[in-house]
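Each remark here refers to the structure printed beneath this line.
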Amino acid sequence: MENISSIIKEIIQLSNKFLIEIIVVDDGSTDGTTNLLKKLSQKDNRIRLINRFNRNGLSSAIKEGSLSASGDIIAVMDTDGQHKVENLYEGIEELIKTKKDLIIGSRFLNNSSIQGLSDKRKKGSSIANLLASYSLSKNYFKLTDIMSGFMVFKSEKVLKIIERIDVNGFKFLYELLSVSNGILDCKEIPLNFMPRKYGESKLDIAIIWDFYVSLIHSFLKRLIPRKAISFAFVGITGVLVQLSISYSFMWYLGFTFQQVLPLAVVIAASSNFLINNWLTFRINRLKNKGLFIGLLKFLIVSSLPIIANVGLASSFYNLISPNTLFSQLAGIIVVFIWNYAASSRLVWNN
């Protein structure tokens, strides 16, 4: 709440040059932000609140806020105190002066300053930007901060692209550049990246997972659904779980391959459900009683392919090759598409 209040005050103080519209997208915060913004918007009609329920995520917030804006120029900045309002107006003036389509605030230009990232985070961000640049059009290869959360753009040209952005992506700017296929004329300006005034960083394993899924999604020219890619990665972990269980029981407990296979398949399927619930479908994440019910649904949905997995693997083992590795892989590959399509719809209603 403190972040929003101070940023709005700074923007209003610097609004003597442009007609401004301040749009704040709030995902059902519980710290008093909603009430504060309602009071501010009642006093100043330049301030607008989009109060969302049952929707969340930074990318979807940026997309919804951008599509709701009425101005010819739209600026996007974080509200955690790490972006300075002075840079906001520098970006607007640069957009007008250069007639570019998109101005990006970069943390990694020579004149940039970074006070809000540790050395470890700086190195990680640099590596992420380098990897991401190879997945985008060559027209964007010279950009230094593809993961920036600070941007200014012309609404007429860019909003048409924003309409096509998948809000489940890793970073909004990265998705914008990926979807645009190199048609945007971009320029970077130095960004003064400040320490976070309030709150904590939300970087976690799920976000890192999203980054690698987004990379593969872009490298594949967005032909395969993002969730299908994530589902496939989770499926690989299921392969490892199934192989680990089966070989552990065979080597250390003396079970035969046919005896251990059904147990290994069921454990692997349960593992896949829990990881997909945590990562792939986390916006629709099931919790508490819903998690247990979802697991039962997932196992029911997977029951046919589980039977097919066991049957095909056993048949491969008995009729084609007594190679236990190839036998299991044959069953796993056959059931992937069914598992993804059916569980997405029936378990997570996605």
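Each row is one residue, and each column tells you yes or no for (1) under 26 Å from residue 207 (Cα atoms); (2) outside the structural domain of residue 155 (by TED's automatic domain parsing); (3) more than 26 Å from the chain's Cα centre (by Cα); (4) not basic (Lys, Arg).
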| site | (1), (2), (3), (4) |
| --- | --- |
| 80 | yes, no, no, yes |
| 86 | no, no, yes, yes |
| 90 | no, no, yes, yes |
| 93 | no, no, yes, yes |
| 100 | no, no, yes, no |
| 104 | yes, no, no, yes |
| 107 | yes, no, no, no |
| 125 | yes, no, no, yes |
| 131 | yes, no, no, yes |
Which of (1) within 35 Å of the chain's Cα centre (by Cα); (2) hydroxyl-bearing (Ser, Thr, Tyr); (3) in a helix (DSSP H, G or I) does residue 252 not meet, given it meets every other one? (1)
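If I filter region 217-249 down to residues being of a type in the set (Lys, Arg) and assigned to a helix (DSSP H, G or I), which single residue comes out as farthest from residue 131 (Cα to Cα)?
First pass over region 217-249, keeping only residues of a type in the set (Lys, Arg): 221-222, 226-227.
Okay, now just the ones that are also assigned to a helix (DSSP H, G or I), so 226-227.
Details: 226: 18, 227: 20 Å.
Taking the candidates together, the pick is 227.
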Hey, among the residues in region 156-165 that are modelled with pLDDT of 95 or more and within 11 Å of residue 74 (Cβ to Cβ), which one's surrounded by the fewest Cβ atoms within 10 Å (Cβ to Cβ)? 159
Can you find a residue in region 191-214 that is surrounded by fewer than 15 Cβ atoms within 10 Å (Cβ to Cβ) and modelled with pLDDT of 90 or more? no
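Taking residue 149, is it in a strand (DSSP E or B), surrounded by 18 or more Cβ atoms within 10 Å (Cβ to Cβ) and under 23 Å from the mean Cα position of the chain (by Cα)?
The answer is no for residue 149.
The values are calculated or read from the model by the stated rules, or taken from the named source; none is laboratory data. Here the structure is a predicted model, which is why all the values come from computation and not from measurement. Counting neighbours? That spans all protein chains shown, and the Cβs are built from the backbone with ideal geometry, glycine included.
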